[in-house]
1. How about region 222-304: which trypsin sites (Lys or Arg not before Pro) there lie in a loop by DSSP and see at most 12 other Cβ atoms within 10 Å?
2. Could you give the semi-axes, largest first, of the ellipsoid that matches region 259-353, computed as the square roots of 5 times the alpha carbon gyration tensor eigenvalues and rounded to whole Å?
3. For region 148-291, what is the number of Lys pairs with C-alpha distance below 28 angstrom, counting only pairs 8 or more positions apart or on separate chains?
4. Would you mind telling me the share, in percent, of accessible area of region 160-246 contributed by carbon and sulfur at probe 1.4 angstrom?
5. Equivalent-ellipsoid semi-axes (√(5λ), Cα gyration tensor) for region 55-116, whole Å, largest first?
6. For region 186-299, evaluate the Debye formula with one uniform point scatterer on each Cα (no solvent term) and list log10 I(q)/I(0) at q = 0.21, 0.24 Å⁻¹, rounded to two decimals.
7. For region 294-408, treating each Cα as an identical point scatterer without solvent, what Debye log10 I(q)/I(0) comes out at q = 0.13, 0.15, 0.23 1/Å?
8. So who's got an amide H within less than 5 Å of the one on L73, skipping anything under 5 residues away but keeping other chains? H placed 1.01 Å off N, in plane.
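The values are calculated or read from the model by the stated rules, or taken from the named source; none is laboratory data. What you are looking at is a predicted structure, and each value in this text was computed from that prediction instead of being measured. Neighbour counts run over all protein chains shown; Cβ positions are idealised from the backbone, glycine included. We work out accessible area using only protein heavy atoms, side chains counted, and drop any ligands, DNA or RNA first. Shrake-Rupley method; radii C 1.70, N 1.55, O 1.52, S 1.80 Å.
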Amino acid sequence: MTAESLKTRIGELAPPMRLMMTPGPSSIDPRVYRALSAPVVGHIDPWFKTCMDETQILLRQVFQTENRITMPLSASGSGGIEASVLNTLEEGDEAIICVNGYFSERMYEIATRTPAKIVKVEAPYGKAVDAEDVRKAGAGRKIKVVGLAHGETSSGVVTALDPFRKVADEFGALLIVDTVASLAAEPLDVDKQRLDIVFSGSQKALSAPPGMSPITIGAHAEEVLKSRKKKVQSWYFDLTTAMNYWGKDRLYHHTPPISLIYALREAMRLTMEEGLEVRWERHRVNQLALIAGIEAMGLELLVKKPKERLVTVTPVMIPAGVDDVKYRNQLLDEFNIEIAGGIGPLKGKIWRLGLMGYCAQKANVLLLLAAMEKVMVDQGGRVEAGAGVAAAIRSYAGIEAEVVTSRA
Ligand SMILES: Cc1ncc(COP(=O)(O)O)c(C=O)c1O
């Protein structure tokens, strides 16, 4: 260290207040920030045990389940993938992982690190995997697990789960579902849809800070975990021992991120105060307006089938002649708005516009469209003045008129 660097004074932490219209993390409600700054207590403090009970009650409501094993893992969403896959698969097992993007590919990658035999069933980025392809791939095999992403964030695709439940039933297999990008935004009912293992992430449509992965394990999956021949390779993600802490005994397992649990609890409380169905509809209405605006600006969407469009992430093809990074930087510098670029094979080809949780609001959609137009014009793109905002306003008006008519 030089004498000069030793003298350097680090100023008070002062991050900018961005509007995070990305595929996560999303902007956070001020009430969640308040929860985050509440006093830290010990992880076995009697008060905190009540806070844990409340967190689990809310988690069951958000997932719509009565599953005993329902808890937030002290990990980001990838920890949810790791826990689901490592706990279910061992030597001699076979699994099918559906891959239609970067994050479902991650589930495949993690699964291939177990001693089980893994079959990949693919669809191109921008499309959902066909459950029929899974049926064909599993024919004549003893498939123990079928895994897929409900919402594939890299390509903005939502996959209807019921056909996969049906195929998994035919195999007698567990269904593992990644809802990192869809929980609290897309319709989901863990118990009704009989989903065996479902995990999510705190930083997307729940609008809590990143760092927690809510997970729920159905009774059938719990039986499978109990009948394992060998211990789970991962100590940290062994769900049965983690439940010593999140179960009735509340025995120490690891020191959990107390403040993140506060924030998740508050974010879920706000979710349930709004109501799941109202929240799903809010996401749908705002995405429809965003899409109307984007199309009116002459931009093209990656996901062609409206039914396969994930409400939280709208991928837009970058028009020829516009520089991906320069465009996103101007949005950030001039408007404080963050959008995301593409990842994996879609890097440099798409922008991903996020409407997640607290961010999915009319004012944000209209601001984003106006800002996108301004930056497009500045950077040599061609857009009809005001077309995007006008189309979005018409979309909102049309939906509001529909609601009035249906109530009349
Ligand atoms: C669908 C999906 N699964 C898993 C992950 C991984 O989550 P994390 O980055 O929180 O580890 C993400 C992250 O964006 C995701 O979108």
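1. For trypsin sites (Lys or Arg not before Pro) across region 222-304 that sit outside H, G, I, E and B with at most 12 neighbouring Cβ atoms in 10 Å, the list reads K229, K230, K231, K248, K304.
2. Value: 28, 18, 12 Å, ordered largest first.
3. Final tally of qualifying lysine pairs is 10.
4. Ligands and nucleic acids excluded, carbon and sulfur reach 57 percent.
5. In descending order, the three semi-axes are 25, 14, 11 Å.
6. So the normalised log intensities work out to -1.32, -1.42.
7. For the requested q values the scattering log ratios are -0.52, -0.69, -1.56.
8. When sequence neighbours closer than 5 places are left aside, the close amide H contacts are S213, I215.
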